[in-house]
Every structure is written in C-alpha cells, then in structure tokens.
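What follows is a single structure, written as structure tokens, with notes after it.
The values are calculated or read from the model by the stated rules, or taken from the named source; none is laboratory data. All values reported here derive from a predicted model rather than from experimental measurement. Here the Cβ positions follow ideal geometry from the backbone for every residue, glycine too, while neighbour counts run over all protein chains shown.
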Amino acid sequence: MNSHPVDPVLVDVARAARRVVVFSGAGMSAESGVPTFRDAQTGLWAQFDPTELATPEAWDRDSGLVWAWYQWRTGLVRRVQPHAGHRAVADWASRTQLSVVTQNVDDLHERAGSDVVAHLHGSLFSPRCSRCGAAHPTDGGVDTEPTGPLAPPSCESCGGAVRPGVVWFGEALPEDAWTRAVAAVETCDLMVVVGTSAVVHPAAELPILAARTGATVVEINPEATDLSRHISHTWRTTAATGLPALVDAIGGDR
Ligand code: BV8
Ligand code: ZN
C-alpha cells in the first residue's frame, strides 16, 4: 500500500469519474531525470534561456546550435525511464476512459503504456524537413553533451534542413492535436493537471476550459502555480508520489 495518504474527497471524486483527462507538463518528467523548463540549464546550454532557444528565430540564426540542443535532449530522454507516475496513469486508463494530453515533447507516457491523445507541443521523436515538411527518421539523439553546433541532416526529398518536430514559441500548435485536446477536455468530468507551471499558452487555457465546462480540476504540483486559484483540489505532492497513491486508493474494483 502506498504510504502517501490521499485526500478521501479526492479519492471519491476520482473513483466516480467516468471520463478523465490527465494534462501533463515538464514536471511530469522531472522524476525521470528530464530537467523542466524552469530548471537551470547545464553545460553549453547554461548560457541560454530555453524560451530563447525554442524559437524559429534561434533556428534561423544558428540551426546547428538549436539542432545540437535537441539532439542532446533526445539522447537524454532515450536514456531515462518512465516513473511510477507514468505507469499509474497507464494503469488508470486500463480501468476507465482516460485521455492523456501533454505539453511534453518526450515519449515517457507512451513508454509507460499510455496512448497520448495530444502532444500539444510536438515531439523530440518526430523531426521533419523545415522546407517540405517530410518526416525524417529520428536517430535517437546524442549520448555526449555537444560542446558546439551540430549540422542538422538534410531532407532526402528536397535537401532542406531537418528541424526538430516540436512547436517553438511563436509557432501555432498542431491543429489536429489541439482539436483532440479540446474535445477531450470539454467532455471530461475530471482533469488531473500534473507538473505544469501553466505559463505557456494556449495550453494553459485547457484547465480553465475544463473547470468552465463543469469538470473537477485537480493540480498535482509541489508548488503553487498561476492555475492554483482556479483549481478545486490542489495537492502539493509530486507526480511520481501522487499519481500512484491516487490510483492505488481508487482501487481495482471498478
Ligand atoms: C502560439 C516545445 C500563436 C519546444 C514548448 C510573445 C511572443 C510570441 C508568443 C507569445 C508571446 N507572449 C505569449 C506568447 C504565447 C507563447 C507563450 O505562452 N509564451 C510564454 C513563455 C508566455 N506561446 C506560444 O508561442 C505558442 N504558440 O501562441 O502561437 C500563433 C497562432 C497562430 C499562428 C502562429 C502563431 C507555442 C508555445 C509552445 C512552446 N513550445 N515546447 C521545446 O520543448 O523545446 S513549451 C515548453 O515550455 C514545454 O513544452 C512546456 O509546455 C513549457 C514549460 O512549461 P511546463 O511544462 O509548465 O514546465 P515548467 O518548467 O514551466 O514548470 C514545471 C512545473 O512542474 C512547475 O510548476 C513545477 O513546480 C512542477 N514540478 C517540478 N517537479 C515536479 C513538478 N510537478 C510534479 N512533480 C514533480 N516532480
Ligand atoms: Zn524536404
């Protein structure tokens, strides 16, 4: 039995929920060893603000530096593992209708067994041609932290530079992912918001939408966020602690 007691009110709400959305941010991957956007950057990247590097302008200015950053992050994700929180979400989805909507560009939810309804900000594992958009096979990133730029590969179809398959600041979110996410949020009766500072828009609007359409919204985050005042249940715990405790408490007899 998990040693972390869960608020009995929250257990009743979660047990009664018939359509759940788990909405995750970078804090969902933190306990797997993937730094969040708020964590200090290391090595070569310490001199850069992620919100500066994750932009079309940075790519236009120095595609080799940006490509190196994503190759490093891709290799890091490939070397870490999903944690008990990712597995708890996948377990919960085997017992009730549950949609995972994530802002994260890693594949940890999938590797724990979840079907991700929407990767709102794309994925490290779907590079594509910056010119014709053709998908490019991911090479899994690099194992050693680059000390400088890495030349992006060239598209096999048109020779254009291959770019990371993520959504940069100033870029529109993928239409299909956004549409699927909104549909899941508008019909859920419970949204569990895990590990997001709710700073990035339009993703940060989804929990507000859930609350507006009458869903119960729970925040699992060791810190308060811009969202906290809109949330019916704030649970100051972490993803790898809170989610297994909640799913354990709901129990298998459903
Ligand atoms: C758009 C992919 C319009 C890349 C990401 C000025 C100019 C241009 C745009 C804007 C502007 N002002 C505002 C905007 C909009 C902008 C925006 O919101 N900016 C912010 C900075 C103010 N948004 C955009 O640009 C979006 N596009 O608006 O397009 C448009 C429309 C039509 C046509 C053209 C354009 C695109 C935004 C997507 C950016 N890409 N990722 C990459 O990864 O490199 S966002 C990136 O940052 C992540 O994906 C993630 O979403 C976000 C980080 O946020 P979080 O996930 O919340 O993570 P964070 O580190 O912030 O917080 C972690 C939380 O976890 C904390 O609360 C912490 O307490 C908690 N935590 C820590 N440990 C744990 C934990 N919780 C649980 N357990 C733990 N163990
Ligand atoms: Zn191309």
(request) Would you be able to tell me the number of residues in the range 203-226 that are surrounded by fewer than 22 Cβ atoms within 10 Å (Cβ to Cβ) and either over 16 Å from residue 239 (Cβ atoms) or of a type in the set (A, V, I, L, M) (or both)? (result) 11
(request) All but one of (1) touching a His at 6+ places or on another chain (Cβ under 9 Å); (2) in contact (Cβ under 8 Å) with a residue 40 or more places away in the chain; (3) not in a loop (DSSP other than H, G, I, E, B) hold for residue 105, so report the exception by its number. (result) (3)
(request) Looking at (1) at pLDDT 95 or above; (2) out of contact with any Leu (no Cβ under 8 Å at 6 or more places or on another chain), find the lone condition where residue 140 falls short. (result) (1)
(message) So, in the range 1-40, exactly how many residues are in contact with a Pro (Cβ under 7 Å, 6 or more places away or on another chain) and under 21 Å from residue 223 (Cα atoms)?
(response) 3
(request) Please determine, by comparing only the residues of the range 141-172 that are of a type in the set (Val, Ile, Thr) and within 20 Å of residue 44 (Cβ to Cβ), which one is nearest to the chain's Cα centre (by Cα). (result) 166
(message) So in the range 16-51, with the set limited to residues that are over 22 Å from residue 82 (Cα atoms) and near ligand 1 (Cβ under 9 Å from one of its atoms), which one is surrounded by the most Cβ atoms within 10 Å (Cβ to Cβ)?
(response) 50
(request) Scan (1) out of contact with any strand residue (DSSP E or B) (no Cβ under 9 Å at 6 or more places or on another chain); (2) of a type in the set (Val, Ile, Thr); (3) within 16 Å of ligand 2 (Cβ to nearest atom) for the single condition residue 162 breaks and write down its number. (result) (1)
(message) Would you confirm whether or not the range 74-86 contains a residue that is farther than 25 Å from residue 45 by Cβ, in contact (Cβ under 8 Å) with a residue 60 or more places away in the chain and among the polar types (S, T, N, Q)?
(response) no
(message) Within the range 163-191, take every residue that is out of contact with any helix residue (DSSP H, G or I) (no Cβ under 8 Å at 6 or more places or on another chain) and among the hydrophobic types (A, V, I, L, M, F, W, C) and give me the one that is surrounded by the most Cβ atoms within 10 Å (Cβ to Cβ).
(response) 184
(message) Being over 13 Å from residue 22 (Cα atoms) and at pLDDT below 95 narrows it down to one residue among 76, 53; which is it?
(response) 53
(message) Suppose we keep only residues that are away from ligand 1 (no atom under 16 Å from the Cβ) and among the hydrophobic types (A, V, I, L, M, F, W, C) within the range 125-139. Which one would you say is surrounded by the fewest Cβ atoms within 10 Å (Cβ to Cβ)?
(response) 132
(message) Restricting to the range 4-48, name every residue that is outside any helix (DSSP H, G or I), over 19 Å from the mean Cα position of the chain (by Cα) and free of Cβ contacts under 8 Å to residues at least 24 places away in the same chain.
(response) 48
(request) Filter the range 1-60 down to residues that are in contact with a helix residue (DSSP H, G or I) (Cβ under 9 Å, 6 or more places away or on another chain) and β-branched (Val, Ile, Thr) and give me whichever is farthest from residue 93 (Cα to Cα). (result) 55
(message) Given the condition closer than 14 Å to residue 167 by Cα, within 16 Å of ligand 2 (Cβ to nearest atom) and not assigned by TED's automatic domain parsing to the domain that holds residue 193, answer yes or no: does some residue in the range 68-86 qualify?
(response) no
